[in-house]
1. Among the DSSP beta bridges whose two residues both lie in region 99-192, what percent are antiparallel, rounded to the nearest 5?
2. Over all directions, what mean area does the Cα convex hull of region 112-168 project, stated in square nanometres?
3. Which of the three applies to region 262-344, rounded, prolate or oblate, going by the alpha-carbon gyration tensor with a ≥ b ≥ c and a/c under 1.5 meaning rounded?
4. Report, ordered by chain and residue number, the lysines lying within cross-link reach of residue 63, taken as a straight Cα distance under 27 Å and ignoring same-chain residues fewer than 8 apart.
5. What's the center-to-center distance, using Cα atoms, between region 114-192 and region 195-274 in Å?
6. Over 28 Å between C-alpha atoms is what I'm after, so list which of 155/229; 78/206; 206/229 land there.
7. Shape of region 232-299 from its Cα gyration tensor (a ≥ b ≥ c, root eigenvalues): rounded if a/c is under 1.5, otherwise prolate when a/b > b/c, or oblate?
8. Given H placed on each backbone N at 1.01 Å, which residues far from residue 46 in sequence or on other chains put an amide H within less than 5 Å of it?
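The values are calculated or read from the model by the stated rules, or taken from the named source; none is laboratory data. For clarity, every value in this text was computed on a predicted model and none was experimentally measured. Just so you know, the surface numbers come from the protein's heavy atoms only, side chains and all, with ligands and any DNA or RNA stripped out. Shrake-Rupley method; radii C 1.70, N 1.55, O 1.52, S 1.80 Å.
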Amino acid sequence: MNEPVTVTVGLGERAYDIVIGQGLIERAGEEIATRLPGTRAAVVTDENVAAAHLDALQAGLGKGGVSAAVITLPPGEKTKSFSHLQDVVDGILAAKLERRDTVVAFGGGVVGDLAGFAAGITRRGMNFVQIPTSLLAQVDSSVGGKTGINSPRGKNLVGVFHQPKLVLADIEVLDTLPLREFRAGYAELAKYGLIDRPDLFSWLEKNWQAVFSGGPARITAIAEACRAKADVVARDEFEQGDRALLNLGHTFGHALEAATSYDGERLVHGEGVAIGMALAHRFSTRMNLASSDDASRVEAHLKAVGLPWRMADIPGDLPDAETLLNFITQDKKVSRGALTFILTHGVGKSFVARDVPASEVLSFLKENHPVRENQF
Ligand SMILES: NC(=O)c1ccc[n+]([C@@H]2O[C@H](COP(=O)([O-])OP(=O)(O)OC[C@H]3O[C@@H](n4cnc5c(N)ncnc54)[C@H](O)[C@@H]3O)[C@@H](O)[C@H]2O)c1
Ligand SMILES: [Zn+2]
């Protein structure tokens, strides 16, 4: 077995460890009890994760002397709602847990965001531990303390910042993750390379197959992603500046998710981010900020791992370019009419670009729209 790697999120009094490795589910009780002595737990999970891994986690918690109530929710984005938040809070209170007890999120980003929010507001803030089980959650959502639910008016509109006390990323639980979800999480992993870690991106170009198969390369990649995210979070916990870089690919990506009505059959979040990152690089080329070779390199890598990289890869019809632009201008990263994008000077050289002209974006969307050929 490979040694686990520990990455620390440097937030002073609220600093915490992210442990990445194998066999961590078995050791979960011990890992939690050493950091939070005497704590009891409420494990929040979803049906898919429970079916595959809950017995192992309960055994692991028991071995470390951590007693646990379990709250199991239906899988899927719709679970990030007020009604399920109420179920989780009620489950925690029914188990008679107190502030020093611990809410354990055991699942993907949906469970992590919802359980973290419940931990943040129940008894004015309880201890919180993340045991992320999707690749997206291990490289992104479990780190940084953003928690919340969706409102009927939009995604992630209700929530709090509430940092975990510990993140345990067991790479072996990813073996049961559907390939499509693994790839979607991989897009967010590659994102850190494209933001400001060109060496990570080059390494992934050579080693992505090993990351997909598991073992030491997977630990290396996830640890590097967690380091990247931890750095940004430590610099800008509350997203006043730099943390926005993590939105690379997300402005185009969110517009495509909205344009496909958040229908996961057509497009899941990480796939939208993959296409969005390719578009952000191509658009940067169009704006004479980056070389076309860089955009081609990004496209080639996404294609190699089996991710969609252009709008034409989304099944079904897309709305026209004007409608896509409307989705972009409704996105929260618009301030006073100017469009803010994360653009790039090349692989690993992303930056926050304000005042991006909407007319340029519209022309670009028209040029890259899959029905372009039919318009002439
Ligand atoms: N808080 C943040 O900073 C942040 C960052 C990025 C994304 N998010 C949020 O994360 C959510 C997406 O997370 P996600 O992609 O993990 O989605 P998810 O939680 O819905 O998980 C994806 C699917 O995989 C299943 N699954 C998870 N782990 C599994 C495993 N080990 N074996 C088998 N099946 C498994 C789940 O049941 C689900 O069906 C979105 O709601 C997004 O808004 C939050
Ligand atoms: Zn994302």
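1. The answer is about 25 percent antiparallel.
2. Result: a mean projected hull area of 3.8 nm².
3. In terms of gyration-tensor shape, oblate.
4. Straight-line reach from residue 63, under 27 Å: 96, 165.
5. Rounded to whole Å, the Cα centres lie 13 Å apart.
6. 78/206, as the Cα separations exceed 28 Å there.
7. Here region 232-299 falls in the oblate category.
8. 73
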